[in-house]
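Below: one structure, written as structure tokens.
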Amino acid sequence: MSLLAYFDCFAGIAGDMALGALFDLGVPEEAVLRPLEGLGLEGLEVKLERVTRGGISALRVSVKAGRELAMTPPALLSLLEEAPLPPRARRLASGCLRRVLEAEARIHGRDPSHLHLHELGSPDTLVDIAGVALALDYLGVEEVMASPLPTGTGMIRGEHGLLPIPSPAVLEILKGAPLYSRPIQAELVTPTGAAILAGVGASFGPLPPMKLLGVGYGAGGRELEIPNILRVLLGERIAVTQPEVSTLLLLEASVDDMNPQLYQHVVEGLLERGALDAWVTPVVMKKGRPGAVLSVLCELGAEASLAPYIFRETTTLGLRRVPVERWALPREIFEVEVGGEKVRVKVGRMAGKAVTVTPEYSDAARVAASLGLPLKEVLARALAEALSAVAGTAGPEDRKPLA
């Protein structure tokens, strides 16, 4: 099973929040802080403090260094490239930092190598990015997902004056990501937080099926109307079989002047010509006349052969064509024995568990006639054999399905 880290960003994400949440998940301090010493930041201090936000205990990470960096992009990247970091952590950190630099370059219309960074060139940014990369590498995380991101509202002061929230850098980094506005006067998603998600290749969506192994909480620096924390869930993905969704066509014809004896012939002919299903529903039509609706379910394109057959074999003058969405459970067919005779059984599964078990009617009727038994008895015995065969199994691995 692949190890998944799910970033639940209900209060947004910042670099220090992400690093705090991963520490809270159980990453040892030395697994991150010792490699960070290789960045060569003079007087580097990383402090972890247990705080509460909205009544929830979380880890707050603060970074201090002897001097501000305000370095050029090539200099920042060289710090990462030359630091003695594990290869995967270095690759993740470089990817995150590059997303910040590329976004800033596009916003300012300059070549990334000629940028002079201010806030984003601080030790905090580099430590947060490298620290998160080291923590993910330590945990062995193979996949990162995140919830949709709340952006907050208002203005924030930067090096160039007041900027709207979300900042241009955040929007540039998060192109393609799902965003929504939470009515809180604060920057909920910072450029560093956005770059971490983008740089590690996070996908976005609801929490997928997973076996939960741990939860970490990282605290933001401010008190908000909601708990200012980032929650990271660590777990193993669980393979869940979902219904197969496909688009089909429903062909319908209303008939009130046709001999009912012909319906069996029409339905059988439709099935022989490729219809997935066909049925007749009695209805009361205009002027109180009894009639029927002929319904045909088929694949896209199959109507080219089925429609002429319907017009030829029925008395209808019109045909409705409606696209429909079908959800179909994964299914298997295997055989059981009743009195030495074979009866096929169809099994539908959901989340690996058998939810429908149905003996094939035509097989049961044939066996009943062959053995001189009541049809209901053959169906009951076939069902009992089938239920015994599927009990406790998660799939057809222990049986040989029909070719």
Every residue in the stretch 153-169 that is open to solvent by less than 70 Å² (accessible area, probe 1.4 Å) and not small (Gly, Ala, Ser), please.
Thr153, Ile156, Leu163, Pro164, Ile165, Pro166, Pro168
Looking across the stretch 305-334 at residues that are out of contact with any Asp or Glu (no Cβ under 8 Å at 6 or more places or on another chain) and open to solvent by 80 Å² or more (accessible area, probe 1.4 Å), the single one that is nearest to Leu379 (Cα to Cα) is Arg331
For residues that are modelled with pLDDT of 90 or more, touching a helix residue (DSSP H, G or I) at 6+ places or on another chain (Cβ under 8 Å), open to solvent by less than 50 Å² (accessible area, probe 1.4 Å) and not hydrophobic (A, V, I, L, M, F, W, C), tally how many sit in the stretch 48-85.
1
Given (1) modelled with pLDDT of 90 or more; (2) over 16 Å from Val200 (Cβ atoms); (3) among the charged types (D, E, K, R); (4) in contact with a strand residue (DSSP E or B) (Cβ under 8 Å, 6 or more places away or on another chain), identify the lone condition not met by Glu45.
(1)
Arg231 vs. criteria within 35 Å of the chain's Cα centre (by Cα), at pLDDT 95 or above and of a type in the set (Lys, Arg)
yes
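Residue check: is Val347 among the aliphatic types (A, V, I, L, M), more than 30 Å from Leu387 (Cα to Cα) and either open to solvent by less than 50 Å² (accessible area, probe 1.4 Å) or touching a Phe, Trp or Tyr at 6+ places or on another chain (Cβ under 8 Å) (or both)?
No.
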Quick one: in the stretch 188-203, of everything that is part of a loop (DSSP other than H, G, I, E, B) and open to solvent by less than 50 Å² (accessible area, probe 1.4 Å), which residue is farthest from Thr151 (Cα to Cα)?
Val200
Of all the strands (runs of 3 or more DSSP E) wholly in the stretch 1-106, which have at least 3 residues that are on the phi > 0 side of the Ramachandran plot and within 29 Å of the chain's Cα centre (by Cα)?
none
When every residue in the stretch 30-43 that is farther than 15 Å from Asp16 by Cα and touching a Gly at 6+ places or on another chain (Cβ under 8 Å) is compared, the one least open to solvent (accessible area, probe 1.4 Å) is Leu41
Could you please let me know if Ala219 is out of contact with any His (no Cβ under 9 Å at 6 or more places or on another chain), open to solvent by less than 40 Å² (accessible area, probe 1.4 Å), farther than 16 Å from Asp128 by Cβ and not acidic (Asp, Glu)?
no
If the Cβ limit is 7 Å and pairs must be 6+ apart or interchain, which residue in the stretch 318-335 that is over 15 Å from Leu249 (Cβ atoms) and in contact (Cβ under 8 Å) with a residue 40 or more places away in the chain pairs with which residue that is of a type in the set (D, E, K, R) and assigned to a loop (DSSP other than H, G, I, E, B)?
Phe334/Arg399
What's the number of the only condition in (1) without any contact (Cβ under 8 Å) to a residue 24 or more places away in the chain; (2) in contact with a Cys (Cβ under 6 Å, 6 or more places away or on another chain); (3) of a type in the set (Gly, Ala, Ser) that Ala275 fails to meet?
(1)
Filtering the stretch 255-268 down to residues that are open to solvent by less than 60 Å² (accessible area, probe 1.4 Å) and either within 42 Å of the chain's Cα centre (by Cα) or farther than 20 Å from Gly318 by Cβ (or both) yields Val267
Report, by residue number, each residue of the stretch 352-368 that is part of a strand (DSSP E or B) and under 15 Å from Glu385 (Cα atoms).
Ala354, Thr356, Val357, Thr358, Pro359
Does Glu172 count as under 19 Å from the mean Cα position of the chain (by Cα), open to solvent by 20 Å² or more (accessible area, probe 1.4 Å), touching a residue at least 40 places away in the same chain (Cβ under 8 Å) and closer than 22 Å to Gly205 by Cα?
no
Failed item in (1) over 42 Å from the mean Cα position of the chain (by Cα); (2) modelled with pLDDT under 95; (3) surrounded by 16 or more Cβ atoms within 10 Å (Cβ to Cβ), with Ala302 passing the rest:
(1)
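Per-residue answers, yes or no, for (1) assigned to a loop (DSSP other than H, G, I, E, B); (2) at pLDDT 95 or above; (3) in contact with a Leu (Cβ under 7 Å, 6 or more places away or on another chain):
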site	(1), (2), (3)
Pro206	yes, no, no
Gly218	no, yes, yes
Leu224	yes, no, no
Val240	yes, no, no
Leu248	no, no, yes
Ala253	no, yes, yes
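The values are calculated or read from the model by the stated rules, or taken from the named source; none is laboratory data. Small disclaimer: the values here were computed from a predicted structure and weren't measured. Positions of Cβ are backbone-derived with ideal geometry, glycine not excepted, and every protein chain shown enters the neighbour counts. Surface areas here come from the heavy atoms of the whole protein model, side chains and all, with no ligands, DNA or RNA. Shrake-Rupley method; radii C 1.70, N 1.55, O 1.52, S 1.80 Å.
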